[in-house]
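Q: There's a structure below that I have some questions on.
The values are calculated or read from the model by the stated rules, or taken from the named source; none is laboratory data. Note that the structure is predicted; figures quoted are calculated from it, not measured. Cβ: placed from backbone, ideal geometry, glycine included. Neighbour counts: every protein chain shown. Just the protein is used for accessible areas: all its heavy atoms, side chains included, with ligands, DNA and RNA removed. Shrake-Rupley method; radii C 1.70, N 1.55, O 1.52, S 1.80 Å.
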Amino acid sequence: MLNMVHRFIELKEKGEKLKIEINQKVPAEVIAKMEELEEVERAKNELIEVLKLANLEIIYVKNRNIPPPPPNLAENITKVNEEIGKEIQRAINVNCLYEKIEELRAEIAKGSIEKLKAEIHEQIIAVMDVTTLKEEFENLNVVDLESPEGR
């Protein structure tokens with residue numbers, strides 16, 4: 001019997017040493033996350049107790065997992081933005097709008113710009129290949145976060 005108690009004490013000491021050794025090898029970030037999870041769990045349990053005291057009960061908990069964005073989304077958006085910039089620059093070059101833009105800058109200094117701004121905008125849109133750009137934008141496969149499937 002004394003051997004069993006002695007063996008139990010040895011196993012307990014070895015277990016504590018092993019626990020300390022494992023904790024030393026675990027990165028600090030993982031330990032911090034584990035502590036955060038424990039804190040969240042304690043807060044959740046406290047909330048459940050408070051609700052029970054108020055004669056309320058949690059019936060359903062919705063998981064708010066948002067699907068990750070498609071791979072290379074940022075890269076694709078950058079490419080589309082570059083294409084749009086190139087199209088706008090091409091439209092400015094084709095219509096020789098540099099003079100109008102300079103005129104717009106002069107009007108901005110005066111404070112009356114709306115008519116000139118509208119003219120430039122219309123001429124840029126007339127030259128741009130808007131349908132191709134729109135198709136490229138739609139092909140980005142952006143998840144609609146407002147739809148039930150995107151939530």
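Q: Only residues that are of a type in the set (A, V, I, L, M, F, W, C), under 19 Å from the mean Cα position of the chain (by Cα) and surrounded by 10 or more Cβ atoms within 10 Å (Cβ to Cβ): list them for region 39-73, please. Before you say what the answer is, go through the steps one by one.
A: Quick first cut of region 39-73, residues of a type in the set (A, V, I, L, M, F, W, C) only: 40, 43, 47-48, 50-51, 53-54, 56, 58-59, 61, 66, 73.
Remaining after also requiring under 19 Å from the mean Cα position of the chain (by Cα): 66, 73.
Passing the criteria: only Leu73.
Q: From the list Glu119, Glu99, Glu83, pick out the single residue that is loosely packed, with under 10 Cβ neighbours inside 10 Å and either in a loop (DSSP other than H, G, I, E, B) or at pLDDT 75 or above (or both). I'd like the intermediate steps shown before the answer.
A: Numbers: Glu119 fails: loosely packed, with under 10 Cβ neighbours inside 10 Å; Glu83 fails: loosely packed, with under 10 Cβ neighbours inside 10 Å.
One residue alone meets the criteria, Glu99.
Q: How many of the residues in region 122-151 are outside any helix (DSSP H, G or I) and either open to solvent by less than 100 Å² (accessible area, probe 1.4 Å) or at pLDDT 70 or above (or both)?
A: Going through region 122-151 one residue at a time, the tally reaches 9.
Q: Quick test for you: out of Met4, Met34, pick the one residue that is assigned to a helix (DSSP H, G or I), surrounded by fewer than 10 Cβ atoms within 10 Å (Cβ to Cβ) and without any contact (Cβ under 8 Å) to a residue 12 or more places away in the chain.
A: Values: Met34 fails: surrounded by fewer than 10 Cβ atoms within 10 Å (Cβ to Cβ).
None of the other options fit; the residue is Met4.
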